[in-house]
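Following: one structure in structure tokens, then a few remarks.
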Ligand code: FES
């Protein structure tokens, strides 16, 4: 059995730092996490690495709760990190939330 606990919430910036329908990257240790902001101001956090060939998802187009990878066009669910359609793969997703306009990111530890 494996359990995942949230180690800490880390303040990584303000909502207005993230462009609408875009992303901003934060680096924690050797991990780069892209925080995406949808048109309706929902936030999602994924490792900035496409499950196909590690393309930078942060540079993709955000639409319909997904991001389209700029490399070869895979469409990745922002909520789950799963590839959609016929493609198979998953990138790691992380909890992210707002506290006022502060963006808080949680990085879990096993
Ligand atoms: S690296 Fe993302 S679609 Fe190929």
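Read-outs: derived from the displayed coordinates by stated rules, not from any lab. Model, not experiment: these values are computed from the prediction. Neighbour counts are summed over all protein chains in view; Cβ atoms, including those assigned to glycine, are modelled from backbone coordinates with ideal geometry.
What to note about this one:
- Of the residues 20, 77, 58, the one that moves most in a GNM of the chain with alpha-carbon contacts below 10 Å is 20.
- Förster radius 30 Å - calculated FRET efficiency between residue 71 and residue 101 (Cβ-Cβ, nearest 0.05): 0.40
- Mean sequence separation of contacting Cα pairs (under 8 Å, at least six apart), scaled by the length of the chain, corresponds to a relative contact order of 30 percent.
- Extension gain, residue 32 back to residue 80 (0.36 nm per residue minus Cα-Cα distance, nm): 15.6 nm
- Among 22, 100, 89, the largest mean-square fluctuation in a Gaussian network model of the chain (Cα springs under 10 Å) belongs to 100.
- The modelled label-to-label distance for the pair residue 61/residue 41, using points 7 Å beyond Cα in the direction of Cβ, is 2.6 nm.
- Relative counts (whole %) of C-alpha pair distances in the chain, using bins that are 5 Å wide: 2, 13, 24, 25, 19, 11, 4, 1
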